[in-house]
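The values are calculated or read from the model by the stated rules, or taken from the named source; none is laboratory data. Note that the structure is a prediction, hence the values are computed from the model and not measured. Quick reminder, even Gly has a Cβ in these numbers, built from the backbone with ideal geometry, and neighbours come from all protein chains shown.
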Amino acid sequence: MNFLSPGGLFFLLSIPVILAFYILKRRRVEKRISSTLLWERFLAETQANSPFQKLRRNALMILQMILAGFLALALARPFLAGEEKVHGMNVLIVDASGSMMSTDVEPSRFESARQIAGKIIRAMEPGAVATLIRMGPRTEIAQSTTSRKAELLAALEAMEVSTGPAAALEAFQLAESLVRNPSANSESEGAPCSLSGSHDSPDQRWRPGGVGGAGHKKSSHSVPPGRHPQ
Amino acid sequence: MATPTQSVLRSEVLRKLEQLQLVIQKRSRSNIRGERQSKARGHSVEFADHRNYSAGDDLRYLDWNLYGRLDRLFVKLYEEEREFPVNLFLDSSESMNFGEPLKFEMAAAIAAAVGYVTVASYDRLRFCALPAASVPPSAAGFFRSIRGRGVGLRYLQNLQSIQPGGQGGLVEWLESLLYQPGPRGLAVGISDCLDTRPVGEPLKRACGAGFQVVLVQVLSPQEFDPPFSGELKLVDCESGAHQEITFGKYRLRAYRQMVQGFIDEIADSCRQAGARHVVIRSDSDLDEVLFKTLREKGVIK
């Protein structure tokens, strides 16, 4: 479980405050004195403005504490992060341009992209299909649409980085056509189409940052596909 | 227990005490000769009145000067001096065994002084310490009636054998006064007045019965300023009752007001009954208490 706004957890501090009232009331130091006569008088005179007297033996206090706890949790907006599920038709585009040889990401941008793609393939549900596209100077289908993970992974392993620029526009056009006509070269029977990585918004056609997960945070798409220098 | 009366036993204090007398507002009604003014006529040095001579009167008391002037025989009458009974009460309940310094220590010292002053002026002392269990049986008999200078020191020694403990005191003593046979006299009660029963009614009845009552209230500094604070469960040493209390320095003023109110209430009861009331802190200087406070309050002269 995780929290969208952990700052709300500061509200949890209200629990010890309530608890303090409760504990302080319970733990009394016993003291022998000459006579409680004076203290009885003292209490009788000041009882009206004693805040602690009212909290005595109060089951409501525990309820208040529980309530405060739930409130704090609600303020923190909790959510559960599930396993990433990949289903339906997926197209993984791996950038194999020369810039991917850069080692600003360990061990290199390309290796990192390969790992991310591998992770997506392994997360595929039974029935999900994927196509692997290598986006180098020439766009080529590294592995045609299949649901077999072993083949996809083998193709991913065999993929090599090139020295040229990336034909991004071409690759995305190819991916788009694959997604639009899945029956053309896929065993899938018209499963809801989505580009891999955009599973949280299946209606969206493609999203450069999510495509293939190919190091989308790692500058493989430093240039938007539509404005790629040809 | 440290000997409470030790400081009274110092010879210079005793010498001072011997010069003091208890303030008596009433004439003695006792039949036993002493050193107090009474309504009876007798043979002291204090001239009271003349009376016509009648046959059989002692010729020694004829006023010969008057006979020379008026040629008539008169007998001089003198005031008879009688003893004045003093009832002295020392609260020896458990609550007196508290405070720093002990309330009982101060109370016993005052009792020693008042008792010694009584005995030194040839008045009869009836000493009483309650609860009865706190007094050893050998001393209890002695305390019932003490008279004569010779027993002054014995009185002080017996006073030291009292061990405070138990419950009750002041109100029981005031009530017991009513059943006491013999002439009424002075009644001095030394107590912290922390009695569960209100002191007002019995006080009124004792005064109404003819006693001249003096109430000496001894309180410890801890009762004026509690040395503790926080969440406390206070246990009464006498009754074992507890009282849960939340106390902090911020409530000290309210507490002091309450203590003052408590003292004022007792002072009011005394005023209404016609008794004297003296408050003494157990950390006061004993000499100052004996020779200043009690004098100013008109208990001793």
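Do you know which residues across region B:5-24 are modelled with pLDDT of 70 or more and in a loop (DSSP other than H, G, I, E, B)? Steps first, answer last, please.
Let us first name the residues in region B:5-24 that are modelled with pLDDT of 70 or more, namely B:10-24.
Matches in region B:5-24: B:Arg10, B:Leu20, B:Gln21, B:Val23, B:Ile24.
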Fill in: Test for B:Gly152: is it exposed (fewer than 15 other Cβ atoms within 10 Å of the Cβ) and out of contact with any Ser or Thr (no Cβ under 7 Å at 6 or more places or on another chain)
no
Response to the item:
Checked region B:213-259 for anything buried (at least 20 other Cβ atoms within 10 Å of the Cβ) and of a type in the set (Ser, Thr, Tyr); matches are B:Ser220, B:Tyr255
Item to complete: Sort out which residues of region A:127-141 are more than 29 Å from the chain's Cα centre (by Cα) and of a type in the set (A, V, I, L, M, F, W, C), and write them in order of number.
Response: A:Ile141
Worksheet entry | Residue in region B:115-127 that is under 20 Å from B:Val216 (Cα atoms), free of Cβ contacts under 8 Å to residues at least 24 places away in the same chain and hydrophobic (A, V, I, L, M, F, W, C) present | no
Fill in: Output for region A:112-130, where each listed residue is surrounded by 16 or more Cβ atoms within 10 Å (Cβ to Cβ), out of contact with any Asp or Glu (no Cβ under 6 Å at 6 or more places or on another chain) and not in a strand (DSSP E or B)
A:Ser112, A:Ala113, A:Arg114, A:Ile116, A:Ala117, A:Gly118, A:Ile120, A:Ile121, A:Ala128
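Examine region A:139-146 for a residue that is assigned by TED's automatic domain parsing to the domain that holds A:Asn181, outside any strand (DSSP E or B) and either touching a Cys at 6+ places or on another chain (Cβ under 8 Å) or surrounded by fewer than 17 Cβ atoms within 10 Å (Cβ to Cβ) (or both), and state whether such a residue exists.
Within region A:139-146, the subset assigned by TED's automatic domain parsing to the domain that holds A:Asn181 is A:139-146.
If we keep only those that are outside any strand (DSSP E or B) too, we end up with none.
No: zero hits.
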Discussion item. Whether any residue in region A:60-71 is under 20 Å from the mean Cα position of the chain (by Cα), surrounded by 13 or more Cβ atoms within 10 Å (Cβ to Cβ) and modelled with pLDDT of 80 or more is what I want to check.
Written reply: no
Worksheet item: Only one of (1) free of Cβ contacts under 8 Å to residues at least 12 places away in the same chain; (2) closer than 13 Å to A:Asn90 by Cβ is not met by A:Leu132, so which one is it?
Response: (1)
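From the list B:Leu186, B:Leu194, which residue is within 14 Å of chain A (Cβ to nearest Cβ), buried (at least 17 other Cβ atoms within 10 Å of the Cβ) and aliphatic (A, V, I, L, M)?
B:Leu194
Every residue, every condition in (1) more than 9 Å from every other protein chain (Cβ to nearest Cβ); (2) over 23 Å from B:Glu100 (Cβ atoms); (3) at pLDDT 85 or above, yes or no:
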residue	(1), (2), (3)
A:Tyr22	yes, yes, no
A:Glu30	no, no, no
A:Ser50	no, yes, no
A:Leu55	yes, yes, no
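What helices (runs of 4 or more DSSP H) completely inside region B:55-148 contain at least 3 residues that are of a type in the set (Phe, Trp, Tyr)? Steps first, answer last, please.
Working: elements: B:64-70, B:103-120, B:137-143.
Once the helices (runs of 4 or more DSSP H) in region B:55-148 are filtered for at least 3 residues that are of a type in the set (Phe, Trp, Tyr), nothing remains.
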Worksheet item: Within the group B:Ala55, B:Ala40, B:Ala2, which residue is exposed (fewer than 15 other Cβ atoms within 10 Å of the Cβ) and at pLDDT below 75?
Response: B:Ala2
Worksheet item: Taking region B:240-256 as the region of interest, how many residues are more than 8 Å from every other protein chain (Cβ to nearest Cβ) and of a type outside the set (A, V, I, L, M, F, W, C)?
Response: 6
Worksheet item: What are the residues in region A:80-96 that are at pLDDT below 85 and part of a loop (DSSP other than H, G, I, E, B), if any?
Response: A:Leu80, A:Ala81, A:Gly82, A:Glu83, A:Glu84, A:Lys85, A:His87, A:Gly88
Worksheet item: Taking B:Phe224 and the conditions (1) touching a residue at least 12 places away in the same chain (Cβ under 8 Å); (2) more than 11 Å from chain A (Cβ to nearest Cβ), which numbered condition does it fall short on, given that it satisfies the others?
Response: (2)
Worksheet item: Looking at (1) modelled with pLDDT under 80; (2) under 30 Å from B:Pro181 (Cα atoms), which is the one condition that is false for B:Ala48?
Response: (1)
Worksheet item: What is the number of the single condition among (1) buried (at least 17 other Cβ atoms within 10 Å of the Cβ); (2) in contact with a helix residue (DSSP H, G or I) (Cβ under 6 Å, 6 or more places away or on another chain); (3) more than 11 Å from chain A (Cβ to nearest Cβ) that B:Gly200 does not meet?
Response: (1)
